[in-house]
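Q: First, the structure itself, so that you have it in front of you.
The values are calculated or read from the model by the stated rules, or taken from the named source; none is laboratory data. Predicted, not measured: the structure shown is a model, and the values here were computed from it. Ideal geometry is used to build each Cβ from the backbone, glycine not excepted, and the neighbour counts take in all protein chains shown.
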Amino acid sequence: MSNFFVPGPTWVRPENLQEMARPMIGHRGAEFRELYARIAADLKPLFATAQDAFVVTATGTALLEAALVNCVPRRLLVTTCGAFSERWFLIAESLGLEVDKLSVEWGQAIDPEDLAEHLSSRRTHYDAVTITHNETSTGVTNDLAALARVVREESPDTLVLVDAVSSLAGIPVLVDDWGLDVCVASVQKGLALPPGIALAAVSAQALARATKMPYRGTYFDFLNYKTHADDGGVPSTPSIPHFYALAAQLDYILRVETLEARFRRHVTMRDTTIARTSKFAKLASDRAHASATVSALAPVRPPDELRAAMKQRGYTLGGGYGKWKETTFRIGHMGDISLESLNAMLDVLDEVAIGGREAPGEGR
Ligand code: PLP
């Protein structure tokens, strides 16, 4: 049973923590190659791609930056609907790129028609467009399939760069069907592993673009990852404990739980969270785009008080993020959290928010 409901890092199954305690192996030997081969094969169904997917020892932010370094020579369009989609903009500016923004209010999703209008009405040609699939600060899931389709139709050689950090393995992501060029995920969210490695599916079109970029740096050069992946490994010493845990977790997700059941469980967790908190908190985001992995809620009682009272009862909930910090709290219902654990937590939250009963020691 989990008592940890932060929207990343999220609760890790003890079996996966055990995997990380295995003895060390060399990353240039046969054992690592065998481990890497299993991971590489399982990343394909996870991302729904027949193309390349890499594992990098870094967090998701590093791969957002890598996507820009490898794929954007000059002009970028960033779509924003919250704090994490805004991160693309900050990274792009730090790299000296020419960036435009298409924004909606926090709590709303990007409208594909607005994107189509923006792309068709400007004379500007963008090298790439960024889309944040699941905006963790507001609990909004963008219609990634529709948004990517718009880019493909309006501007076929514009690359689609996707942050799937808090959606992959919790919400369907179909890299090849939807025509995504770089799709980034961190493992401490839907994959429910400790933070420390990140994943990227990279299309042939994105790799072709990288060949035209004269300065791609070293650590995050996708072409270097491709060369080593084709040879059964990674360019530099990886976090080997994470690789053990990732191999085990991919096996669990794909063959024990199955992706379809995992996606269904996440939808049920979202619907349960929204229904069971409605008496004392308003969903802060648009219900039609409510995320299956995280809910941002505006409670009647001050959110920090509510969280502190929950902490006293042994439960950790997520705080509000960015400009929603004071008014919301977040429940992460992602990864390996069971419906049973979620309901047990919601029983206590209900009591704290409505019953107003004090925990031992509270308020004395
Ligand atoms: N993008 C989204 C949507 C996120 O939720 C987060 C982290 O919460 C990040 C990017 C940053 O990921 P990381 O902390 O792995 O660098």
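Here's the yes/no breakdown for (1) among the acidic types (Asp, Glu); (2) within 11 Å of the ligand (Cβ to nearest atom); (3) within 26 Å of Ala229 (Cβ to Cβ):
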site: Val55; (1), (2), (3): no, no, yes
site: Ala62; (1), (2), (3): no, yes, yes
site: Glu65; (1), (2), (3): yes, yes, yes
site: Ser85; (1), (2), (3): no, yes, no
site: Ser121; (1), (2), (3): no, no, no
site: Asp127; (1), (2), (3): yes, no, yes
site: Arg149; (1), (2), (3): no, no, no
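Q: In addition: For Pro73, state whether it is assigned to a loop (DSSP other than H, G, I, E, B), in contact (Cβ under 8 Å) with a residue 60 or more places away in the chain, more than 10 Å from the ligand (Cβ to nearest atom) and more than 30 Å from Leu193 (Cβ to Cβ).
A: Considered against the rule, which asks whether it is assigned to a loop (DSSP other than H, G, I, E, B), in contact (Cβ under 8 Å) with a residue 60 or more places away in the chain, more than 10 Å from the ligand (Cβ to nearest atom) and more than 30 Å from Leu193 (Cβ to Cβ), Pro73 comes out as yes.
Q: Another question, if that's okay. Going residue by residue through segment 37-45, is there one that turns out to be on the phi < 0 side of the Ramachandran plot, within 16 Å of the ligand (Cβ to nearest atom) and in contact with a helix residue (DSSP H, G or I) (Cβ under 8 Å, 6 or more places away or on another chain)?
A: Checking segment 37-45: not a single residue is on the phi < 0 side of the Ramachandran plot, within 16 Å of the ligand (Cβ to nearest atom) and in contact with a helix residue (DSSP H, G or I) (Cβ under 8 Å, 6 or more places away or on another chain).
Q: When both residues are 6+ apart or on different chains and their Cβ atoms are under 6 Å apart, which pairs have a first residue that lies in segment 183-210 and is within 26 Å of Tyr244 (Cα to Cα), and a second that is of a type in the set (Asp, Glu) and in a strand (DSSP E or B)?
A: Cβ pairs passing all conditions: Val184/Asp163; Val202/Asp52.
Q: Let me confirm something: among Arg264, Arg209, which residue is over 30 Å from Asn343 (Cα atoms), in a helix (DSSP H, G or I) and not polar (S, T, N, Q)?
A: Step by step, each of Arg264, Arg209 is checked, and only Arg209 is over 30 Å from Asn343 (Cα atoms), in a helix (DSSP H, G or I) and not polar (S, T, N, Q).
Q: Quick one: which residue in Leu90, Leu63, Leu76 is of a type in the set (A, V, I, L, M, F, W, C), in contact with a strand residue (DSSP E or B) (Cβ under 7 Å, 6 or more places away or on another chain), modelled with pLDDT of 95 or more and under 26 Å from Ala290 (Cα atoms)?
A: Leu63
Yes or no, residue by residue, for (1) buried (at least 24 other Cβ atoms within 10 Å of the Cβ); (2) among the polar types (S, T, N, Q); (3) within 11 Å of the ligand (Cβ to nearest atom):
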site	(1), (2), (3)
Ala169	yes, no, no
Pro172	no, no, no
Val175	yes, no, no
Asp181	yes, no, no
Pro194	no, no, no
Leu199	yes, no, yes
Gln205	no, yes, no
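Q: Go through the residues of segment 93-113 one by one and say whether even a single one is acidic (Asp, Glu), within 16 Å of the ligand (Cβ to nearest atom), at pLDDT 95 or above and surrounded by fewer than 20 Cβ atoms within 10 Å (Cβ to Cβ).
A: no
Q: Listed residues Pro172, Pro238; which is in contact with a His (Cβ under 7 Å, 6 or more places away or on another chain) and at pLDDT 95 or above?
A: The conditions single out Pro238.
Q: Test Ala288 against the stated conditions and say whether it is part of a helix (DSSP H, G or I), farther than 17 Å from Glu135 by Cα and among the small types (Gly, Ala, Ser).
A: Taking the combined requirement at face value, the residue does not satisfy it.
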